[in-house]
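The values are calculated or read from the model by the stated rules, or taken from the named source; none is laboratory data. Keep in mind that what you see is a predicted model, and the values were worked out from it rather than measured. Backbone-built Cβ (ideal geometry, glycine too); neighbour counts: all protein chains shown.
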Amino acid sequence: MIIWIDIINASHALFFNSIIKEFKSKNIVVTIRERAETVDLVKSFGIEGKVIGKYYRDSIKKSLTMIQRTIELNFKIGDFDISLSFENGMNVAVSKFRNKKSILFCDNDLKFIQKVALIQKLETKIKSMADFLVIPEACYDNFRAHKKRGTIGTYRGYKEDVYIADFIPDVQFMEKIPFDNFVAIRPEDSDSFYVKDKRSIVPELLQLFQREGINVIYLPREKEDANYAKGSKAYIPKETLNGLDLVYYADATLTGSGTMAREAACMDKTAVSFFPSKELLSVDRQLINDRKIFHSRNPKEIVEYILSTSRKKNLAMFDRSKIVKKDVIKLISTYFEDNLEET
């Protein structure tokens with residue numbers, strides 16, 4: 001059986017690196033989309049993959065590129081039996097065209113409950129055609145309402161648990177950092193279709209932290225995001241740092257998206273989300289309700305929260321995450337076995 005994995009974002013690189021480790025005996029083919037540090041991350045894991053397509057921030061270019069990349073994948077990817085991807089309609093579309101099985105991982109149900117662009121609706125419709133949808137229990141209700149065919153598998157926990165389960169902190173990591181203590185900040189993903197508020201609060205956050213004498217490591221999502229740090233003393237790493245080490249050693253992790261906040265929460269570290277909407281992903285709402293993530297779009301309120309929160313000690317054991325990963329691997333393995341019998 002040949003398994004095709006298509007990796008389109010940096011966090012997906014971490015996720016699938018952890019999955020691939022459990023299926024080394026399988027014949028796995030990997031394709032990668034060029035976006036930020038995604039390609040570098042995949043290569044750093046020792047994973048060989050073919051780079052196909054590039055990400056663009058402009059909504060029109062992004063839409064056209066998604067269509068173009070789907071066509072390219074169909075012609076450039078060889079034969080396969082089952083595909084794996086995360087929030088990836090392109091992978092599912094090629095699988096359907098080839099009459100092959102597809103396993104799709106998702107955790108973003110926000111696209112179902114708000115008005116989105118036409119291309120987003122099309123992508124969501126295509127993703128709903130995946131043969132096997134694997135999601136956290138927290139977002140089951142919204143996905144069940146829109147999944148018209150195929151089956152759904154759920155697990156307790158979050159996608160971040162899957163790769164945190166393998167994480168071993170680098171004891172020399174702090175040698176790469178110019179501070180003894182710091183907070184990590186990643187900006188909003190303002191060019192995503194489902195993000196309506198395009199205003200960033202990062203410049204004000206950086207000013208307030210600087211006023212309080214708090215060191216900041218700032219991680220631009222795209223090159224243009226570096227402009228938010230102009231005039232501040234925030235440190236922008238010249239080389240790609242291991243994101244999990246960064247979260248692990250930071251006094252607090254703040255993000256305008258979701259992944260890094262969930263990574264921190266899964267490590268029981270101080271986590272802040274300033275996602276630009278009152279409507280949140282179910283996984284984030286669950287963590288907020290459990291008081292694992294603090295959410296606000298008020299920079300002063302965020303800084304006050306950080307100042308009032310005691311620094312959590314680092315813990316090297318991630319037993320809960322290991323249980324979550326074990327459950328996810330079991331879901332995949334069972335599906336593989338069922339489809340091996342069919343083939």
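For the condition in contact with a His (Cβ under 6 Å, 6 or more places away or on another chain) and not in a loop (DSSP other than H, G, I, E, B), Ile288 qualifies. Beta carbons closer than 7 Å, at least 6 apart along the sequence or on distinct chains, pair a first residue in the range 28-55 that is within 16 Å of Phe75 (Cα to Cα) with a second that is modelled with pLDDT under 95 and aromatic (Phe, Trp, Tyr) for Arg33/Tyr55. If you check Val324, Val283, Val303 for being in contact with a Pro (Cβ under 7 Å, 6 or more places away or on another chain) and either assigned by TED's automatic domain parsing to the domain that holds Asp141 or in contact (Cβ under 8 Å) with a residue 60 or more places away in the chain (or both), only one passes: Val283.
For the range 1-33, taking the residues that are buried (at least 20 other Cβ atoms within 10 Å of the Cβ) and of a type in the set (D, E, K, R), the one that is farthest from Phe86 (Cα to Cα) is identified as Arg33.
Taking the range 83-111 as the range and being in a helix (DSSP H, G or I) and among the basic types (Lys, Arg) as the test, the residues that pass are Lys96, Lys111.
Does the range 53-64 contain at least one residue that is among the β-branched types (Val, Ile, Thr) and surrounded by 14 or more Cβ atoms within 10 Å (Cβ to Cβ)? So far as the range 53-64 goes, no, none of its residues is among the β-branched types (Val, Ile, Thr) and surrounded by 14 or more Cβ atoms within 10 Å (Cβ to Cβ). Summed over the range 34-51, residues that are over 21 Å from Asn242 (Cβ atoms) and either surrounded by 20 or more Cβ atoms within 10 Å (Cβ to Cβ) or not assigned by TED's automatic domain parsing to the domain that holds Ile332 (or both) total 0.
One residue alone among Ala265, Ala271 is touching a Leu at 6+ places or on another chain (Cβ under 6 Å) and over 17 Å from Ser200 (Cβ atoms), and that residue is Ala265.
Among the residues here, Val94 qualifies as within 14 Å of Asp6 (Cβ to Cβ) and modelled with pLDDT of 85 or more.
The set of residues in the range 30-74 being of a type in the set (Val, Ile, Thr) and within 21 Å of the chain's Cα centre (by Cα) consists of Val30, Thr31, Ile32, Thr38, Val39, Val42, Ile47, Val51, Ile52, Thr65, Thr70. Could you say whether any residue in the range 99-112 is touching a Phe, Trp or Tyr at 6+ places or on another chain (Cβ under 6 Å), at pLDDT below 85 and either aromatic (Phe, Trp, Tyr) or crowded, with 18+ Cβ neighbours inside 10 Å (or both)? Yes, the conditions are met somewhere in the range 99-112.
Can we say Glu72 is free of Cβ contacts under 8 Å to residues at least 40 places away in the same chain, over 28 Å from Gly243 (Cβ atoms) and not assigned by TED's automatic domain parsing to the domain that holds Lys223?
So Glu72 fits the description; yes.
Screening Thr124 against (1) among the polar types (S, T, N, Q); (2) part of a helix (DSSP H, G or I); (3) in contact (Cβ under 8 Å) with a residue 40 or more places away in the chain leaves a single unmet condition, (3). For the range 180-285, the strands (runs of 3 or more DSSP E) that sit wholly inside it and include 2 or more residues that are modelled with pLDDT of 90 or more, crowded, with 21+ Cβ neighbours inside 10 Å and of a type in the set (S, T, N, Q) are 252-255. Got at least one residue in the range 32-49 being aromatic (Phe, Trp, Tyr), out of contact with any Cys (no Cβ under 7 Å at 6 or more places or on another chain), modelled with pLDDT under 95 and not in a strand (DSSP E or B)? Yes, because at least one residue in the range 32-49 is aromatic (Phe, Trp, Tyr), out of contact with any Cys (no Cβ under 7 Å at 6 or more places or on another chain), modelled with pLDDT under 95 and not in a strand (DSSP E or B).
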